[in-house]
Amino acid sequence: MKNLNIVPFVSVDHMMKLVLSRGIETVLVELAATIEEDFKRWEMFDKTPRVASHSAEGVIELMPTSDGDVYGFKYVNGHPANMKRGFQTVTAFGVLSQVTNGYPVLISEMTILTALRTAATSALAARYLMPAGARTMAMIGNGAQSEFQALAFKAICGIEEVRLFDIDPSATGKCMANLADSGIRCRACSSGEAAVQGADIITTVTADKQYATILSDNMVGAGVHINAIGGDCPGKTELHKDILLRSDMFVEYAPQTRIEGELQQLDADHPVTEMWEVMNGSKPGRTSADQITLFDSVGFAIEDFSALRYVREQIAGTDLYQELDLLADPDTPRDLFGMLLRCEAGQKDAA
Ligand code: NAD
C-alpha cells in the first residue's frame, strides 16, 4: 500500500521541468480545459471569498475550496512595491488534501502555476467573450504575468499581435525579448492610448496599490473585450468607472469580485454574470458585435484547485517531485508522544 504519510512536493525546479517537458502552450491549453471542466461543475464546490490580511505594503491571502472529495487551498501574496526591492509582486504555494481523512496529497509551488492558471483563465473567458475574428490584443503592464497572458491568448484565442505598454520601458523590452521566438508579433507602444489602437482585446495587468486609471473611457471603443486582471484588492483598480457602466461585466465569483475587483467601484447590486454560467450555457456570453465585454478577474480558489489537480495528474508516474516527510506516523495513532520518546532513545543509542 502507498505510504500515506509521504506527501509529494513539487518545487519550483520541478514545476519548470514539468511545464517545459509538456510545452508551455500545451500546459496553458490543458489548464484551461481543466478549469473549464471544474467551472462546469461549479455547484459541487464549497465557495467563499478569500481570506485576506492587508497591510500598507500589500496583502497575504488564503484561498480555500473543496469539491467534496478533495480540498485545496493556495497561499498567495500581492506586494506591488516588491518588484523595486528585487522580489516578486506575487508568490504562492498550494496544497491538495483528501477529504476522507484530511491528509495532504500534494504540496506545490504556485508562483509559476498562478501565472499559468491566470493566463489560462483569462484566455478561456475571452474565448466566450471576445469579438469574432479577434487577432490583436493590447497589453498594459508588461511584468511577471505578461508573457504567460500573451501565450495563452495565442494558444487558446488565436491572437497574432500583442501591442505592449508599460510605464517602465525596460519591462516592455523584457517582454518583447522573451516573446521573440513565440510566433506572436509584438509591438512596443509609447502610451496606453497607442497600445489600444486597433486592438480587439485589451488586457490590463498592472500592479499598483491604488485606484489607478490605466484605461480611461475614451480609450475603449465599441465591440472590445477587456481582460482586467490587475485590480484585485480593495482600493486597487485599473479602469475608469464609466467603462464599467458601458460594459457587460463577467466575473469569477461575484461575492469576492464585489470586494476586490473593478466592481468595487459600483453599487452592491450591479448586475454581473459569473463565468461558470456562460460556460454551462445557462447565460449568454457576447451577444452582439458592438457590446463591450469586461472580464473583471481577481483570481478564484477553484482555478487554483484545478491547477493543483492538473499538476497532481501530471506528476503521477514521473520523478518530477520530492517525497516530503510531512506527517507524523506513530506506530499506533494515539502514541504520538511515544514516537518522540523512541526517537530520543534512538539518538542516545547512536551517541
Ligand atoms: P509585476 O510587478 O511583475 O508587473 C506589473 C507591471 O505593471 C510592472 O512592469 C509595472 O511597471 C507596470 N505598471 C504599473 N503601473 C502602471 C501603469 N500605470 N501603466 C502601465 N504599466 C504600469 O506584477 P505581475 O506579477 O505581472 O502582476 C500584475 C498584477 O496582476 C498585480 O496587480 C497582481 O496582483 C495581478 N494578478 C492578478 C491575478 C488574477 O487572477 N486576477 C493573478 C496574478 C496577478
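State to the nearest 20 debye the size of the charge dipole of the chain about its Cα centre, where the only charges are +1 on K and R beta carbons and -1 on D and E beta carbons.
Details: 30 positive and 47 negative charges, 92 e Å.
Dipole magnitude for the chain comes out near 440 debye.
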### Query
Carbon and sulfur atoms: what percent of the 1.4 Å accessible area of the range 103-160 do they account for?
57 percent
#### Entry: Subset of K47/K174; K74/K154; K174/K283; K74/K348 violating a 31 Å alpha-carbon distance limit
K47/K174; K174/K283; K74/K348
### Task
Could you tally the net charge around P64, taking each other residue with its Cβ under 10 Å from the Cβ of P64, Lys/Arg +1 and Asp/Glu -1?
+1
### Query
Quick one: putting +1 on the C-beta of Lys and Arg, -1 on the C-beta of Asp and Glu, what dipole do you get for the range 1-125 around its Cα centre, in Debye to the nearest 20?
300 debye
### Query
What does the charge add up to near L164, with Lys and Arg as +1, Asp and Glu as -1, over the other residues with Cβ less than 15 Å from its Cβ?
-1
### Query
Any idea which of Q264, L239, S108 is furthest toward the positive side of the dipole for the chain, if Lys and Arg beta-carbons carry +1 and Asp and Glu beta-carbons -1?
L239
### Message
If I take R0 = 30 Å and measure r between the Cβ atoms of D267 and E57 in this structure, what FRET efficiency does the formula 1/(1 + (r/R0)^6) give, to the nearest 0.05?
### Response
0.50
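Taking Cα pairs under 8 Å and at least six residues apart, what relative contact order does the chain come out at, in percent? All intermediate terms of the calculation are to be shown ahead of the outcome.
Numbers: 702 pairs, mean separation 72.3, N = 351.
Reported relative contact order: 21 percent.
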### Task
Enter the Cα centre distance for the pair the range 141-181 and the range 320-348, rounded to the nearest angstrom.
48 Å
### Summary
Projected area averaged over all directions for the convex hull of the alpha carbon atoms of the chain, nm², comes out at 20.6 nm²
### Query
In terms of Cα to Cα distance under 16 Å, which lysines are near enough to K236, apart from those fewer than 8 places away along the same chain?
K209
### Summary
With the 1.4 Å probe rolled over protein heavy atoms, the range 57-213 has an accessible area per residue in Å² of 40 Å²
### Query
Just the projected area, averaged over all directions, of the convex hull on the alpha carbon atoms of the range 211-351: how many nm²?
15.9 nm²
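Helix-only estimate, please: 222 nm mean residue ellipticity of the chain, summing -39500 (n - 2.57) across DSSP H runs of length 4 or more and dividing by its residues, to the nearest 500.
Calculated mean residue ellipticity at 222 nm is -10500 deg cm²/dmol.
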### Task
Compute the separation of the alpha-carbon centres of the range 247-310 and the range 41-59 and state it in Å as a whole number.
15 Å
#### Entry: Amide H within-cut-off set for Y103, under 5 Å, with H built and near neighbours excluded
Q98
### Query
Summing +1 for each Lys or Arg and -1 for each Asp or Glu, what net charge is found among the other residues whose Cβ lies under 11 Å from the Cβ of L239?
-3
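The values are calculated or read from the model by the stated rules, or taken from the named source; none is laboratory data. Since the structure is predicted, the reported quantities are computational estimates derived from the model, not experimental observations. No Cβ is skipped: glycine too gets one built from the backbone with ideal geometry, and neighbour counts run over all protein chains shown. Surface areas here come from the heavy atoms of the whole protein model, side chains and all, with no ligands, DNA or RNA. Shrake-Rupley method; radii C 1.70, N 1.55, O 1.52, S 1.80 Å.
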